[in-house]
Structures are given as C-alpha cells and as structure tokens.
Amino acid sequence: MMSDREELLEAATDALVVFLRRSVPRTAETVSNLGLTLHQFRALVILYAEDGCTTTDLADAVGVHPSVATGIVQRMVQRGIFERHEDAVDRRIRRLTLTPMGRELAGEVVGDARVQRRRQLAALDEAQLEQAKVLLDAMIAGLEHARTPV
C-alpha cells in the first residue's frame, strides 16, 4: 500500500510524462527538419548552453557512452556546426564550441522551443506561473542533488 506522498508522487510523475509526451512531436519535427538525429539535436542545445565543454561532458549530458559522443561530435564538426579547440591549460583536453553557423542554428532551435514553452505556459494565470517557477527551480535543484555522488 502506497503512502499519500507516494500516491501524489506517482500522480505527478504520470502528469509530467503526459505533458512531455504531448510536447515532443513538435520537437521531433524540428529535429527532422534540421537533418539531425535526436542525439545531435541534444548535443547542439547542450553546447549552446555550455559552450566549451569536453566530449566526455557532452556524453554525460546527452546520456550516451563517450564513444557514441565522439561520433556525434565528429559528424557535427564535419557539418561545420562544432569546432574542437585545445584547452588553454591542459593541451590534452579538447574543448567543443559552436561555429557561427552552429550558434545561429542553435539560436533558432532554442528560440523555437522557447516559443513553444511560452504557448504552453500561457494557459496558467500569474499565481500559477509563480508557483510553476518555484516548483521548476526546486526540480532543477533536485537534479543537481541527484548528480552529486554520495
């Protein structure tokens, strides 16, 4: 038998999954129109947010093995979207950056996603938006906490 908290956690998880599932088709269409795989798309958005990360960092963020990330990076470099640069402190480390074309592409993708999210959030009144912001901040903090090794 589940506790009240467990039941509420289950219901909230289900609602979040439904929301995400219903909001994904538009993203999948965007990815397809760009000629990117889903992993490449995620890598593009991650590098837009964290320019200068390593391939290992990117692998962790995308959720793939480093060897898979290496292939993603290679294809993005070949397309002129990513560049590799030597780290200023440790020459063994290669940092990834977006090319001007990559930055423009990522800006379009992120802009499109922001428009979609704003439309979805427009259904909330001001008090609900404030509550959603607080809850999302707490969820983000929870993600960071979950990543910290025990």
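Can you tell me which of ARG42, ARG5 is among the basic types (Lys, Arg) and more than 30 Å from THR99 (Cβ to Cβ)? Answer to the check: ARG5.
Just to verify a result, which residue in the range 61-70, among those that are among the small types (Gly, Ala, Ser) and either closer than 22 Å to GLU144 by Cβ or in contact with a helix residue (DSSP H, G or I) (Cβ under 6 Å, 6 or more places away or on another chain) (or both), is least open to solvent (accessible area, probe 1.4 Å)? Steps first, answer last, please.
Here is the first cut: in the range 61-70, the residues among the small types (Gly, Ala, Ser) are 61, 63, 67, 69.
Of the ones still in play, those that are also either closer than 22 Å to GLU144 by Cβ or in contact with a helix residue (DSSP H, G or I) (Cβ under 6 Å, 6 or more places away or on another chain) (or both) are 61, 63, 69.
Values: ALA61: 44, GLY63: 62, ALA69: 2 Å².
Only one residue tops the list, namely ALA69.
GLU108 passes every criterion in (1) touching a residue at least 24 places away in the same chain (Cβ under 8 Å); (2) within 13 Å of LEU34 (Cβ to Cβ) apart from (1). For the range 81-100, residues that are more than 17 Å from the chain's Cα centre (by Cα) and either in contact (Cβ under 8 Å) with a residue 40 or more places away in the chain or open to solvent by 30 Å² or more (accessible area, probe 1.4 Å) (or both) total 13. Based on this model, can you work out whether VAL73 counts as modelled with pLDDT of 95 or more and surrounded by 13 or more Cβ atoms within 10 Å (Cβ to Cβ)? Yes, satisfied.
Look at the range 29-43: where a residue is among the charged types (D, E, K, R) and a partner is modelled with pLDDT of 85 or more, sitting 6+ places away or on another chain with Cβ atoms under 6 Å, you get ARG42/VAL62.
Taking the range 1-60, which residues are open to solvent by 40 Å² or more (accessible area, probe 1.4 Å) and among the aromatic types (Phe, Trp, Tyr)? PHE19, TYR48, listed by residue number. The set of residues from the range 101-134 being surrounded by 12 or more Cβ atoms within 10 Å (Cβ to Cβ) and not in a helix (DSSP H, G or I) comprises just one member, LEU124.
The values are calculated or read from the model by the stated rules, or taken from the named source; none is laboratory data. The structure displayed is predicted, hence computed values, not measured ones. As a convention, Cβ positions derive from the backbone with ideal geometry for all residues, glycine included, and neighbour counts pool all protein chains shown. The protein model used for the area step is the full one, side chains on, heavy atoms only, and it has no ligands, DNA or RNA in it. Shrake-Rupley method; radii C 1.70, N 1.55, O 1.52, S 1.80 Å.
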